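Asks: Below you'll find the structure I mean.
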Amino acid sequence: MNAIANRRAFLTGTGALTIGMALPLGGAKAGAARRPLAPNAFVRVDHDNSVTIIAKHIEMGQGPSTGVATIIADELDADWAQVEVMFAPANDPLYKNLAFGTMGTGGSSAIAESWMQMRMAGAAARAMLVEAAAKRWGVSVSAVTVSKGVVSSGVNKASFGELVADASKLPVPQNPVLKTPDKFVYIGKTFAKVDSKAKTDGSAMFTMDVRLPGMVHAAVRRPPAFGATVKKVVDGAARAIPGVLDVKPIPSGVAVYARDTWTAQRGAAALEVDWDLAKAETRSSDAMLAEYSAAARTPGKQAEAHGDAAKALAAAAKKIDATYYFPFLAHAPMETMDYVIEKKGEGIAVHAGSQFQVGEMNAICAVAGVPFAKSELVQYYAGGSFGRRATPVMFDGTEAAACARAYGFAAPVKVVASRENDLTGGFYRPMTVHRVQVGLDAAGEISGWDQVVAAKSIMKGTPFEAMGIQNGIDGTMIEGANQYAVRDFRLGQHLMETPVPVLWWRSVGHTTTAFVKETIIDELLTMAGKDLVAGRLALLKEARLKTVLTRVAAMSAFAKPPKKGRAKGIAVHESFGSYVAQVAEISVGADGLPKVHKVWCAVDCGIAVNPDIVRAQMEGGIGYGLGHALYGEITLGEGGQVQQTNFNTYRSLRIGEMPDIEVAIIDSQEKPTGVGEPGVPPIAPAVANAWRKLTGKTVRRLPFAHGDNA
C-alpha cells in the first residue's frame, strides 16, 4: 500500500478507498436521466431533490466553495443538507471572475465579486420552483412559500425534486426578487464548510493524489541562479538509477522521468549540468539591497502628492528619516506545484488545482501544441497558494506541459515540484525598500510625509502590465500607503530590475506599506506625546477604519497597562475593501525575539457570509503574517544562489508559537468584501510597535530574526 493509501486508511479507519478519481465537471449530473432545473450556470436542482452548486473559484482552503453555496442556498431556500458543490470547468463566458474578466481566484475577490451574481442565481431558481407550484395548485405566486427545500401553500407541499419537471419548462426570470437581509437564513450564520468532511475522512482529491494508468513522474532540475540556462548536460549517473526512464531538456531546465516522483527527483539531483550564467542574477541580496536603498534616496517617479511635503519637512520642528528593508518571501504552500497532463484525442486533459483556469489552460495548450477547444481541465482542491498558484506567466503549468510534450505524450506525466524547487525556484514577494521622511510642527502635528518605494514590479513584463501599471506606476507597490489625512504628502516609486521572478504574495503590497505606515505613525504620535488610539482616530480617513480601531482598543483594554514584562502594540489597515485592526501583546522570548501571547482582531468585511470562515481567515492571516515577520527571509548569496532550500532554513511559525487570538466581526449591511488577505498586514506592525515599547528598539528591517531588531 502506498503512502497516500496509508494516510487515507488512517483517516477513514477502513483501509478501503478510491483514488485517482476525477471530480465531475459542471453541468447536469452524470447519469441523470431527465433534464434538471438549470436556470443558469451556477445552480442545478435535480429530480432526486439534490441541489448542485457549481463553484467558479478554486478551493485552496479559504472557503469560497462554502461561501457561494451559502449565498445560493439562502436565496433558493434550500435545505443545507441537500446542497453539494462541484468545481466549474474552464469557461470564461460562464465563469469569469467579474473583477478580472477571466476565470481566476485572487485579490480576496471571490465572495465580493460574485455576491450579487450568486444571489441572482439562487433567486432565479427559487422563482421558477414557486411559479411551478403555483400553477400546479392553482394559487397565486404570493401564496407560495419555501423553507428548507419544501415548497408550500396551505395544505399543499412539494419537494424541489417534485417540481423540477414543471419548473424547467418555465422561462428564466431576468430580475428575480432578492431577499432583504432580515430574511437571510444561512447568510451570517456559521455552518461547517462543505469540504470539511471530505478533508477529514481523506476522500478530498488533490492533484498530488492523482494516479492514472501508465503514468510516469517527472522532476525538473532548475538552474542554480535566476536567468541561467542549460549549456551542457551529462546524464549518465541519472540514467543509471533504477526506475529512471528518460532525461530531456526543457526551457526551464532538465526533466527526468521515472516510475515514481522520488526516483525522478533523485535522478534530477544526479544530473551534471553546465549552466550558462551570462544572463543570470549573480548579485547577492545585500548587493541588491544597497542598490535599492540608493534608489530610494532619490525622489523616483511621483505616484501621488498633495500639499508641499518638501517645504513642510524643511520647516518641521522634529523629523524622522527612516529606511525600511523587506526581504524576498516565498509563498511555501503546503502542497507544492503539481500537474498531471495526459493526451486525450486531439487535445489533453490537465489535472490541477488551477487558480487561473482559462489563462493557464490556454498557456498549457499552447506549449503542448494542442487546441484548447479539444482539451479539458480537471480541477482539484489545492493545498494552499497565498498567491503562488497564480503566476501571470503560468510558469508551472507550462513547465509541466513542456515535460509532457518532451516525453512525446507517450504516457500521462505527473510533475511535482520538490520543496527545494519551490523555495529556490521562485516566485517571491519582491524585495522592497521604503525611505520615509516625516516631520512634526511645533504643535505636534504631522507637517510633512515623503515616502519613496523601490522594488521590482510584479506587473511589468507580464500579461497584466496594462492593467497593473498606469502612467508608469505599479499600483501594487504602493497600495495602502496613504490612509491617514496628512496635509503635505508625497509618494514616489522606483521600478528595480532583476531576473529574480516576483509575484503577489498574500496581501501583496499591503505587507510592506502597512508596516511602514503603522510603525512610523506610532513613532510620530509617541514623539508628539499623543495617545496612540486617539491620535490615529484623528487622522484616519475612513470611518470604518475608525470603527475597527475603536473596537480592538476596547476589547484588548489597550489603555490599561499590560502584565509585567509585556507590552501591547496596535495597528490598523484597510486592504481589498476590508478593514482590520489588531493589538498584539508580547514579551521577550527565550530566543530574544518577540513572543506573542495574544492578538485581538476587529474586522469589518461587510456582511459576514459565514462568520466562522471570517474568523478562520483572520486567524490564518495572523499566523501566516506573524511567522514571516519573525522568521521569513529568502536571501541570495554570492553568485545569486538562494540560500534557503527547505523548512529547516525557511522557518515557519510552529504550532506552539501560535498566539491566542480573539476576533470581533463588525455588524454590517454593506456588501461582503474579502477576508483571505486582510488579516495579514496589521500583525507585523502591531508586534513591532509593542517591541519598541518593550525594548526601546525601533524595527526597520524584517524579519525580526534577521538580527537588526533583537
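The values are calculated or read from the model by the stated rules, or taken from the named source; none is laboratory data. None of these values were measured; they are calculated from a predicted model. Because the Cβ atoms are built from the backbone with ideal geometry, glycine has one as well, and the counts that use them run over all protein chains shown. These accessible areas exclude ligands, DNA and RNA; they are computed on the full protein's heavy atoms, side chains included. Shrake-Rupley method; radii C 1.70, N 1.55, O 1.52, S 1.80 Å.
Asks: Output needed for the range 64-156: three equivalent-ellipsoid semi-axes, defined as square roots of 5 times the C-alpha gyration tensor eigenvalues, in descending order, whole Å. Kindly include the intermediate steps, with their values, before the conclusion.
Replies: Numbers: eigenvalues 196, 34, 21 Å².
Calculated on Cα positions only, the semi-axes equal 31, 13, 10 Å.
Asks: Starting from the residue with the highest accessible area, list E376, E162 in decreasing order, probe 1.4 Å. Let's see the in-between values first.
Replies: On the way: E376 70, E162 105 Å².
Accessible-area ranking of E376, E162, largest first: E162, E376.
Asks: Evaluate the Kirkwood expression for the hydrodynamic radius of the range 151-283, namely the inverse of the mean inverse distance over all pairs of different C-alpha atoms, and round to one decimal in Å.
Replies: Numbers: mean 1/r = 0.0474 Å⁻¹.
Kirkwood radius, the range 151-283: 21.1 Å.
Asks: Right, here's the next one. How high is the FRET efficiency between A310 and A466 when r is their beta carbon distance and R₀ equals 22 Å, given to the nearest 0.05?
Replies: Step by step, r from the Cβ atoms, then E = 0.10.
Asks: May I pose another question? Counting each DSSP H run of 4 or more residues in the chain as -39500 (n - 2.57), what helix-only mean residue ellipticity at 222 nm follows after dividing by all residues, to the nearest 500 deg cm²/dmol?
Replies: Working: 20 runs with 211 residues, N = 710.
After summing the helix terms and dividing by the residues of the chain, the value is -9000 deg cm²/dmol.
Asks: While we're looking at this one, here's another question. In µm²/s, what is D for the range 578-639 at 4 °C and 1.567 mPa s, where D = kT/(6 pi eta Rh) by Stokes-Einstein and Rh is the Kirkwood radius from Cα pairs? Numbers along the way, then the final one.
Replies: Values: Rh = 13.8 Å.
Translational D for this selection: 94 µm²/s.
Asks: With +1 on each Lys and Arg Cβ and -1 on each Asp and Glu Cβ, how big is the dipole of the range 137-263 about its Cα centre, in debye rounded to the nearest 20? Don't skip to the end; give the middle numbers.
Replies: Details: 17 positive and 9 negative charges, 81 e Å.
Here the size comes out at about 400 debye.
Asks: In this model, which of K319/K530; K311/K546; K232/K279 are farther than 19 Å apart at the alpha-carbon? Let's see the in-between values first.
Replies: Details: K319/K530 16 Å; K311/K546 30 Å; K232/K279 16 Å.
Among K319/K530; K311/K546; K232/K279, the Cα-Cα distance tops 19 Å for K311/K546.
Asks: Here's another thing I want to ask about it. Calculate the all-directions average of the projected area of the range 94-228's alpha-carbon convex hull, and give it in nm². Walk me through the numbers before you get to the answer.
Replies: On the way: hull surface 61.1 nm².
Reported value for the Cα convex hull: 15.3 nm².
Asks: How large is ³J(HN,Hα), in whole Hz, for each residue of the range 301-313 in order, when computed from phi with the Karplus curve 6.51 cos²θ - 1.76 cosθ + 1.60 and θ = phi - 60°, using x for Gly and Pro?
Replies: 6, 6, 8, 6, 6, 8, x, 9, 5, 4, 5, 5, 5
Asks: Shifting gears a bit: Report P(r) for the range 417-539: all Cα-Cα distances, bin width 5 Å, range 0 to the bin holding the largest distance, values in whole percent.
Replies: Result returned by the calculation: 2, 10, 19, 19, 15, 12, 10, 7, 4, 2, 0, 0.
Asks: Over all pairs of distinct alpha carbons, what does the Kirkwood formula give as the hydrodynamic radius of the range 534-612, in Å?
Replies: Values: mean 1/r = 0.0733 Å⁻¹.
Result for the range 534-612, one decimal place: 13.6 Å.
Asks: Within the chain, which DSSP H helices have Cα atoms that stretch 24 Å or more along the helix axis and a mean Kyte-Doolittle hydropathy of at least 0.0? Don't jump to the answer; show the numbers that get you there.
Replies: Details: long enough: 110-137 (39 Å, 0.26); 510-527 (25 Å, 0.34); 611-630 (28 Å, 0.16).
Those that clear 24 Å and a mean of 0.0 are 110-137, 510-527, 611-630.
Asks: A further question on this structure: Roughly speaking, to the nearest percent, how much of the chain's 1.4 Å accessible area is carbon and sulfur? If you can, show how the numbers build up before the last one.
Replies: Values: 14720 of 27120 Å².
It is 54 percent, rounded to a whole number.
Asks: On a C-alpha basis, how far is the centre of the range 481-500 from the centre of the range 374-402 in Å? Whole number, if you could?
Replies: Using only Cα atoms, the two centres lie 32 Å from each other.
Asks: Relative contact order for the chain using alpha-carbon pairs under 8 Å, separation at least 6, rounded to a whole percent?
Replies: Details: 1602 pairs, mean separation 99.6, N = 710.
Over the chain, the number comes to 14 percent.
Asks: Taking only protein heavy atoms and a 1.4 Å probe, what accessible area per residue, in Å², does the chain have with all protein chains in place? Write down the numbers at each step before the final one.
Replies: Values: 27120 Å² over 710 residues.
Per residue, the chain has an accessible area of 38 Å².
Asks: Another question about this same structure. Consider all pairwise Cα distances in the range 244-291 and report the whole-number % of them above 13 Å. List each step's numbers first, then the result.
Replies: Working: 743 of 1128 pairs.
Of all Cα-Cα distances in the range 244-291, 66 percent exceed 13 Å.
Asks: Could you estimate the translational diffusion coefficient of the range 648-700 from the Stokes-Einstein equation, with Rh from the Kirkwood formula over C-alpha pairs, at 10 °C and 1.306 mPa s, in whole µm²/s?
Replies: On the way: Rh = 14.5 Å.
D, rounded to a whole number, is 110 µm²/s.
Asks: Any idea how many Lys pairs in the range 90-228 come in under 18 angstrom at the alpha carbon, given 8 or more places apart or on separate chains?
Replies: Working: K135/K157; K135/K169; K148/K157; K148/K179; K148/K183; K148/K189; K179/K189.
Lysine pairs satisfying the spacing and distance rule in the range 90-228 number 7.
Asks: Another one. Over the Cα atoms of the range 278-336, what is the Rg over Rh ratio if Rh follows Kirkwood? Don't skip to the end; give the middle numbers.
Replies: Working: Rg = 17.8 Å, Rh = 15.6 Å.
Across the range 278-336, the Cα-based Rg/Rh ratio is 1.14.
Asks: Order the peptides 500-513, 655-668 from the highest to the lowest mean number of other Cβ atoms within 10 Å of their residues.
Replies: Working: 500-513: 25.1, 655-668: 15.1.
My ranking of the peptides, most packed first, is 500-513, 655-668.
Asks: Would you mind checking which residues have amide H under 5 Å from N97's amide H? H placed 1.01 Å from N; only 5 or more apart, or other chain.
Replies: Residues meeting the amide H criterion: T102, M103, G104.
Asks: Let me ask something else. In whole Å, how far is the Cα centre of the range 283-301 from that of the range 582-609?
Replies: 32 Å
Asks: Taking a temperature of 20 °C and a viscosity of 1.002 mPa s, what whole-number D in µm²/s does Stokes-Einstein yield for the range 560-710 with Rh from Kirkwood over alpha carbon pairs?
Replies: 133 µm²/s
Asks: Additional query: Of all DSSP beta bridges in the chain, what percent run antiparallel (nearest 5)? All intermediate terms of the calculation are to be shown ahead of the outcome.
Replies: Working: 86 of 115 bridges.
The antiparallel fraction comes to roughly 75 percent.
Asks: Ok, one more. Could you tell me the accessible area of W80 in Å² (1.4 Å probe, neighbours in place), rounded to the nearest ten?
Replies: 50 Å²
Asks: Arranged from highest to lowest average of other beta-carbon atoms within 10 Å per residue, in what order do the peptides 538-546, 614-622, 555-563 appear?
Replies: Values: 538-546: 16.1, 614-622: 22.8, 555-563: 14.2.
By packing density, highest mean first, the sequence is 614-622, 538-546, 555-563.
Asks: Efficiency by 1/(1 + (r/R0)^6): what FRET value for L94 and Q302, r their Cβ-Cβ distance, R0 = 56 Å, to the nearest 0.05?
Replies: Computed FRET efficiency for L94 and Q302 comes out at 0.85.
Asks: Among the trypsin sites (Lys or Arg not before Pro) in the range 112-204, which ones are in a DSSP loop with at most 14 other Cβ atoms within 10 Å of the Cβ? Mind listing them?
Replies: On the way: sites: R119, R126, K135, R136, K148, K157, K169, K179, K183, K189, K193, K197, K199; in loops: K148, K169, K179, K189, K193.
In loop regions of the range 112-204 (DSSP not H, G, I, E or B), the sparsely surrounded trypsin sites (Lys or Arg not before Pro) are K148, K169.
Asks: Suppose each label sits 7 Å from its Cα in the direction of the beta carbon; what would the E346-A366 distance come out to in nanometres?
Replies: Modelled inter-label distance: 2.1 nm.
Asks: How long are the three semi-axes of the equivalent ellipsoid for the range 173-229, computed from the Cα gyration tensor as the root of 5 times each eigenvalue, in whole Å, largest first?
Replies: Values: eigenvalues 410, 89, 45 Å².
Value: 45, 21, 15 Å, ordered largest first.
Asks: With labels modelled as points extended 7 Å from the Cα through the Cβ direction, what inter-label distance (nm, one decimal) is found for D612 paired with A410?
Replies: According to this spin-label approximation, the distance is 5.1 nm.
Asks: Let me ask you something else. With label points built 7 Å along Cα→Cβ from the Cα atoms of T190 and R654, find their separation and express it in nm.
Replies: 2.9 nm
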